[in-house]
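Step one of this worksheet: look at the structure below.
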Amino acid sequence: NKPLAGFVHSIAFADYSEGMKPFHETPRRAFLQAVDISCYSFMALANALKDVLAKDASAVTISISTTRMASENYG
């Protein structure tokens with residue numbers, strides 16, 4: 001089997017079950033869940049793939065955050 005040259009991570013989640021709120025009103029539980037799904041999943045995926053990745057493989061994550069725009073309905 002040929003090793004993978006890399007992977008792209010594009011997983012994100014935010015809990016809006018209580019409706020849209022200002023960021024500073026985010027409950028701790030919802031914030032930690034979003035970090036676990038949106039951020040820690042990158043490391044979990046890298047660890048899950050480590051045995052099939054080439055030694056010089058690339059791991060890339062995608063974000064929509066910028067200082068010049070915001071995604072509509074992203075909160």
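Quick notes
- The set of residues from region 12-32 being surrounded by 14 or more Cβ atoms within 10 Å (Cβ to Cβ) and under 26 Å from S58 (Cα atoms) comprises just one member, A12.
- Exactly one residue out of A54, A59 is at pLDDT 95 or above and under 17 Å from the mean Cα position of the chain (by Cα): that is A59.
The values are calculated or read from the model by the stated rules, or taken from the named source; none is laboratory data. Keep in mind it's a predicted model, so treat the numbers as computed, not measured. Neighbour counts run over all protein chains shown; Cβ positions are idealised from the backbone, glycine included.
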